[in-house]
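Take a look at the structure below.
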Amino acid sequence: MQEIKERLVQDLKSATTAEQVEQIRVDYLGRKGSITTLAKSADFSKMSVEEKKSFGQRLNELKNFATAEISAAVEAFKASAIRRKTNDLDLTAPGKGRRLGALHPITLTQMELEDVFQGMGFSVLYGPEVESEYFCFEALNIPGDHPARDMQDTFWLKNQLILRTHTSANQVRTLQRFGAPIRAIFPGRCFRYEAVDPSHENTFYQCEGLVVDKNISVANLIATMKTILSQVFKRDVKVRLRPGYFPFVEPGFELDLNCLLCGGKGCPTCGDGWIELIPCGLIHPEVLRHGGIDPKEYSGFAFGVGLTRLAMMKFGIKDIRYLNCGDLRVNEQFTTLV
Ligand code: PHE
């Protein structure tokens, strides 16, 4: 036993790797290791009670000694491995940069619009993108043979529902739910069966709005639109109304914005100095009726801001296809502008 012990101490001293220490453990304490073999080979039948006791005791001591020495050696190797790693640590090396996300230009524009409208007492509501024919067309006074229902324009689902072609689908939904008086906007995504090119997308955003109250007139409509646009573009703007046809407003208008680039003189962006921006009008009595509102008591106006269009103008994006392309560089460049 003394010999085994001395050999073990010697072996552990000369070990230079953790693997060698593990081999030593196997050599001494493993199933066929020298300490195990010694225990197995002892012939107890030839020993006296005293001898048996003393042999057993010393064998145990040897085992404990070997176990303790070997695990100490293992620990020492672990510690030095960690030390080696820590020495490799270069505290002056540049860290991994944390990448900040950025909001999409349409999201930024939408948030800003919501903010401005909320400041004027409007609620912000969101309706479903999958709509019924009723809310998207029928309730808005758009008869079955109207071109907007044509297969060319509308994505029809198999269950007779559709992907909403405009956020106007929220008008009657909202009137039915909240009644009058009401001031609300409904920003959201719309879909049309369109060929995609620099100025057309099958998926785009609008921000619808309506006001229903007593004695609402075109003057209220113009004043509201001017205020909103001045805040969005952060300067005074000039607007004009032209007649426009939409079955759910009467009278209906196209609201044009005096071009901010050329000041109304005419330029490649606007042509004649005006940019067609917001279709709008006084809500048709038939639409109010669908909403459960008495048109003799209440009147209102509605408008549909082209949110995608507005974002493009605001950020100077010339091709609508950038907006849905999923390239993060589109987002990353605009956040700081707002
Ligand atoms: N929903 C119409 C469109 O998508 C726009 C509109 C909204 C017109 C509200 C009048 C009033 O073209």
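Hey, among the residues in region 35-87 that are within 21 Å of residue 19 (Cα to Cα) and acidic (Asp, Glu), which one's surrounded by the fewest Cβ atoms within 10 Å (Cβ to Cβ)?
Filtering first and then ranking leaves 75.
Does residue 112 fit the bill of being in a helix (DSSP H, G or I) and open to solvent by less than 80 Å² (accessible area, probe 1.4 Å)?
Yes; evaluated as a whole, the condition is true for this residue.
Kindly provide the set of residues from region 5-33 that are in a loop (DSSP other than H, G, I, E, B) and under 57 Å from the mean Cα position of the chain (by Cα), ordered by number.
15, 16, 17
Just checking, which of 218, 212 is within 16 Å of the ligand (Cβ to nearest atom), hydrophobic (A, V, I, L, M, F, W, C) and open to solvent by 30 Å² or more (accessible area, probe 1.4 Å)?
218
Kindly provide the set of residues from region 136-147 that are within 12 Å of the ligand (Cβ to nearest atom) and either of a type in the set (Lys, Arg) or open to solvent by less than 30 Å² (accessible area, probe 1.4 Å) (or both), ordered by number.
Hits for region 136-147 are 136, 137, 140, 142.
Looking at the structure I just gave you, is residue 291 within 16 Å of the ligand (Cβ to nearest atom), open to solvent by less than 50 Å² (accessible area, probe 1.4 Å) and of a type in the set (Gly, Ala, Ser)? Walk me through how you get there before you give the answer.
Numbers: within 16 Å of the ligand (Cβ to nearest atom): yes; open to solvent by less than 50 Å² (accessible area, probe 1.4 Å): yes; of a type in the set (Gly, Ala, Ser): yes.
When the stated conditions are applied, residue 291 passes them.
Rundown of residues vs (1) closer than 19 Å to residue 137 by Cβ; (2) more than 25 Å from the chain's Cα centre (by Cα); (3) open to solvent by 20 Å² or more (accessible area, probe 1.4 Å); (4) among the acidic types (Asp, Glu), yes/no style:
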{"residue": "152", "(1), (2), (3), (4)": "yes, yes, yes, no"}
{"residue": "158", "(1), (2), (3), (4)": "yes, yes, yes, no"}
{"residue": "164", "(1), (2), (3), (4)": "yes, no, no, no"}
{"residue": "173", "(1), (2), (3), (4)": "yes, yes, yes, no"}
{"residue": "196", "(1), (2), (3), (4)": "no, no, yes, no"}
{"residue": "206", "(1), (2), (3), (4)": "yes, no, yes, no"}
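What is the number of the single condition among (1) closer than 25 Å to residue 107 by Cβ; (2) touching a Cys at 6+ places or on another chain (Cβ under 9 Å); (3) away from the ligand (no atom under 16 Å from the Cβ) that residue 258 does not meet?
Among (1) closer than 25 Å to residue 107 by Cβ; (2) touching a Cys at 6+ places or on another chain (Cβ under 9 Å); (3) away from the ligand (no atom under 16 Å from the Cβ), residue 258 violates only (1).
Out of the residues in region 236-288 meeting the condition of being of a type in the set (Val, Ile, Thr) and open to solvent by 20 Å² or more (accessible area, probe 1.4 Å), tell me which one is farthest from the chain's Cα centre (by Cα).
That would be 239.
The values are calculated or read from the model by the stated rules, or taken from the named source; none is laboratory data. Owing to the predicted nature of the structure, the values given are computational and were not obtained by experimental measurement. With ideal geometry, Cβ positions are generated from the backbone for all residues, glycine too; neighbour counts draw on all protein chains shown. Heavy atoms of the whole protein, side chains included, go into the accessibility calculation; ligands, DNA and RNA do not. Shrake-Rupley method; radii C 1.70, N 1.55, O 1.52, S 1.80 Å.
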